[in-house]
Amino acid sequence: MIGRRSLLRTSGALAAGLLLQGGGAEAGEDAAPPADSPWSQSLGAGVVDRPYGRPADQEAGVIRRNVPWLTAGTESSVSFSPIQDLHGIITPNGLFFERHHAGRPDVDPAAHRLMIHGLVERPLLLTMKDILRYPSTSRVHFIECPANGGMEWRAAQLNSLQFTHGMISCAEWTGVKLSTLLADVGLKKEAKWVLVEGADGAHMTRSLPLDKCLDDCLVVYAQNGEALRPEQGYPLRLVVPGWEGNVNIKWLRRIKIGDRPWYSREETSKYTDLMPDGKSRGFTWAIDAKSVITFPCPEKPLSGPGLYEIRGLAWTGAGKVKEVHVSVDGGVNWQKAELKEPVLSKALTRFTLPWRWDGRPALLESRVIDETGYVQPTISQLRKVRGISSVYHNNAIQTWQVKADGSVFDVQTA
């Protein structure tokens, strides 16, 4: 591991270190520029060739992927974001993970309506044009499925960063504050809870405390500067910052105000945390602090001994990431990583740490501490409280085993 005082010197030497690994070629002062490649000797395609941009052909493998055996069918399944191939904290719209309960509906925005009713003074039925007239706001937030990492409760199962952690993505969301809409309808004094419902075939519904809805929830129609994609809730969805993904209702069609929770299917038989005594914890919405090393990882092995930059992502539903520590010996010793700006509330945060790998086996881990002081736990610590029969909210420290040949494997330590 490399001390922080030598960070600048080490960063400056990183290029030289890469040369020693075959990562580049040293050029003399009088060397000629590189020879023109074929693509430099002819005209390229014109502007009408791609009226809607797409990635380079060489990036065709950077896609969302599904685990076929995970669910009975794709209509009630998930596609995992390729976070091993992404840079920065914003997930491109076409790579943002999906989770559906009745498939992806094709909604006509001209016919779509949002109804707000229940314990209100002035019920509303809003068109999309109505919603676009409200004052807009934009914020960056992550959304994570509570089942992210759920297959790892019993043992390490999937040797892949994409499949162990790919049910998380982060975007800039643009829409209307839910508090603005609720102020327009006028809440009755007995109002305490909010039912939100989607327009998909499952009519996905969840109960939310009114306090959270008045705090930071958004009703959004745009993602990363363009209209929502159909798989992300076009034309309208709810964003509930820092809370589990299934409460961020897509294709939002109804908001009902009440004085108690509704105890829908998705908050009784589903999305509850099964405990060792057979009881289940309900309404565990918040996403606890979590982190993962994205390089190296099973999809991105090391090419030989030398100097590298360990890279990763950290997040928390409690606000901002405060610190991230990295270990190369399975948690025996830790060193503070550098957090990369911007560090935003309830958004992904990048971290990096220089590392000179000597070619010997290593166990890489990251551990995040958020601004509340919460420390990311080990899988053993979680199992002592939750057992091994749970599905949701596995925020345990991830261990990558680096072998002598540079390959990387998903393992679990005590």
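Quick rundown of the values:
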quantity	calculated
Rg(Cα) / (2.2 N^0.38 Å) computed for region 64-212, rounded to two decimals	1.24
Angle in degrees between helix 7-20 and the longest Cα principal axis of the chain, rounded to the nearest 10	60 degrees
Burial ranking of peptide ranges 280-286, 315-321, 259-265 (average Cβ count within 10 Å, highest at the top)	315-321, 280-286, 259-265
Charge dipole of the chain about the Cα centre (unit charges at C-beta), most positive-ward option of Leu95, Thr352, Tyr271	Tyr271
Carbon plus sulfur fraction of accessible area for region 277-414, probe 1.4 Å, in percent	51 percent
Cβ crowding within 10 Å averaged over residues, with 56-63, 39-46, 207-214 ranked highest first	207-214, 56-63, 39-46
Normalised per residue, the volume of the convex hull around the Cα set of the chain (Å³)	177 Å³
For region 153-271, fraction of C-alpha pairs farther apart than 18 Å, in %	56 percent
Residue-wise HN-Hα coupling along region 55-65, computed from phi with Karplus coefficients 6.51, -1.76, 1.60 (Hz; x: Gly, Pro)	x, 4, 4, 5, 9, 4, x, 8, 9, 6, 9
Dipole magnitude (debye, nearest 20) for region 302-374, charges at Cβ of Lys, Arg, Asp, Glu	120 debye
Summed side-chain charge close to Glu152 - residues other than Glu152 whose Cβ falls under 13 Å, Lys, Arg +1, Asp, Glu -1	+3
Surface per residue (accessible, 1.4 Å probe) for region 327-411, Å²	44 Å²
Estimated dipole of the chain in Debye, rounded to 20 [Cβ of Lys and Arg +1, of Asp and Glu -1, Cα centre]	1340 debye
Ratio Rg/Rh [Cα only; Rh per Kirkwood] for region 145-209	1.14
Net charge dipole size for region 16-175 [Lys, Arg +1 and Asp, Glu -1 on Cβ; Debye, nearest 20]	940 debye
Exposure ranking of Arg386, Arg104 by accessible area [1.4 Å probe, largest first]	Arg104, Arg386
Given Lys300/Lys336; Lys322/Lys346; Lys279/Lys384; Lys129/Lys250, the pairs whose alpha carbons are separated by over 21 Å	Lys300/Lys336
GNM flexibility winner over the chain from Ala362, Ala110, Ala156 (Cα, springs under 10 Å)	Ala110
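The values are calculated or read from the model by the stated rules, or taken from the named source; none is laboratory data. This structure is a prediction, so every number in the text was calculated from the model and none was measured. Heads up, the Cβs are rebuilt from the backbone with ideal geometry, glycines too, and the neighbour counts pull from every protein chain shown. These accessible areas exclude ligands, DNA and RNA; they are computed on the full protein's heavy atoms, side chains included. Shrake-Rupley method; radii C 1.70, N 1.55, O 1.52, S 1.80 Å.
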